[in-house]
1. Measuring from label point to label point, each 7 Å out along Cα→Cβ, what is the D52 to S35 span in nm?
2. Going by average Cβ density within 10 Å per residue, which order do the peptides 356-364, 343-351, 121-129 take, highest to lowest?
3. From the Cα trace of segment 125-234, what convex hull volume per residue do you get, rounded to a whole Å³?
4. State the Cα centre-to-centre distance between segment 270-332 and segment 361-417 in whole Å.
5. Charges only on Cβ, +1 for Lys and Arg, -1 for Asp and Glu: so what's the dipole of segment 364-470 about the Cα centre, in debye to the nearest 20?
6. Tally Lys and Arg at +1 and Asp and Glu at -1 over the other residues with C-beta under 14 Å from the C-beta of V383: what net charge comes out?
7. What per residue convex hull volume, in Å³, comes out for the chain when only alpha-carbon positions are used?
8. Got a sec? Charge dipole of the chain, +1 on Cβ for Lys and Arg, -1 for Asp and Glu; which of G256, Y345, S45 is way out at the positive end?
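Please treat every number below as a calculation from the coordinates, not as lab data. Since we're looking at a predicted model, the values are computed, not measured. Neighbour counts are summed over all protein chains in view; Cβ atoms, including those assigned to glycine, are modelled from backbone coordinates with ideal geometry.
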Amino acid sequence: MFFLVSLLGCDAGLEAQTPLTISVGTNNLGPSISSGFSGLSFEISQVFPGNDGVHYFRPENHALVTLFQTLGIKSLRIGGNTSDRDAGPNPSRADLDSLFAFAKAADVKVIYCLRLRTGSADQAAKTVKYIMKHYADQLDCFSIGQEPNVYPKTTNSIGVISPRPDYADFKQKWQSFEKVIIAEVPDVRFCGPSVDDNPHWPQQFIADFGQSNHVVLITTHLYAGRSAYDVPSPEIGRDRMLSDEFVDAYQKLYDGFVPLAQAEDLPYRLEEANNFYNGGATNVSDTFAASLWGLDFMYWWAAHGASGVNFHTGDKVSSNTGLRPSRYTAYVTSTNGFQVRPLGYGIEAFNVGGHGTMLSASVSNPQNLNVDVYSVLGNDQNVYVTIINKEHGSAGRETNVSITAGEGFNTARIMSLIAPNGDIASKTDITLGNSAIDNDGDWKGSWTDLPSVGAEVFSLKVAPSSATIIDLIRR
């Protein structure tokens, strides 16, 4: 948890008055947050025109372009099960033209998944050649295959069941694809292995391809809560999202491959992530708990050196062999634009305070409250402290906070992410900076001045089930 919090002791008198004390300096710098950190992931089925013949991803979709810009989205990953395991026709050139025209309008880079399981290396090479010829500036990298570690078992005509492929199978097929593609497009950029919550395949992939084969990024997927179908109740699901159980899942994946990637000087990214797979859990993934979870998830991985996170989203996402309405999506299509769901507010809160370099803040939390604190030295040289109070329900407590800022930071302002009555089950009327995000993608959130209570010392109250961003301004 380095660069998140450093726990210190606290005397009894201070503990009684201020359960949380934070000391911020600008000397203990951590990882820089990539300018392309915030991302979304979509099924490739979203690239095809709808029933009305109109593309979703098109530069004329002004509300969507605005929403991407409002949320700070800089990475657009196209993949999902419909790109590989459950794939239909390949996108046409017109589909790709519309996608990349949108990417240019929204100023995002695209990670594009090529079909591996039943795909053709020659067809993949044609797709890569077309994209690189026309849209190289908007292309981040190509992955080959979607979650090949969990391809379903197959049964042949006489009832013999074939097991899922192991890494050796994947490696052989991946090599056959990259050989054909590189022959056609020598400057191609690859990423991978794009597996689901499995540190072992990235380890082997780094060893085999990390310093060769045009691999520029290690990609992995994570749904920390696993299947939405296994959530016993909404209350339990929401509690799990805000508990150490989820953090333990992050740490396990990180420990399994990231040190090796960093030793090889390879960036890594969670190119597909969310809380529960199979489209998310009803009354869990679509609630304010997802706002707090998503904000915490982004900061945790930023503090651990990830180059970014792409939340899987969209009106419908793949579940088993079909599409189902998405519960964990950041937003959904509405009649006059897009309705931002709770996760979208967490992404926007990160966009407010998550640009710059992570700092190590010293935090005293003697009551062991379910609170996380992150600090960032902003690109504007202000310090942004984000406090996520995950205390909730009948036991949720308002937290008194004292912040001691570094020298020269004698002015501050705050912005809060809240839901009605502090209810983590809320789905609507969520606000950030006293404002909702409009259906046209616009947001008019504002700051509130926070007076100092002493020399470079600030005091505030953080409500349960909320997040607060403090902007410490250097004068």
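1. Label at D52, label at S35, 3.5 nm between them.
2. Details: 356-364: 20.6, 343-351: 26.9, 121-129: 17.7.
In decreasing order of mean packing, 356-364, 343-351, 121-129 become 343-351, 356-364, 121-129.
3. 158
4. When both Cα centres are located, 24 Å separates them.
5. Working: 6 positive and 12 negative charges, 56 e Å.
Using only the charged Cβ atoms, the result is roughly 280 debye.
6. Details: positive: R413, R474, R475; negative: D380, E407, E456, D471.
Once positives and negatives cancel, what remains is -1.
7. Working: hull volume 69.3 nm³, N = 475.
Taking the convex hull of the Cα positions in the chain, it is 146 Å³ per residue.
8. Result: S45.
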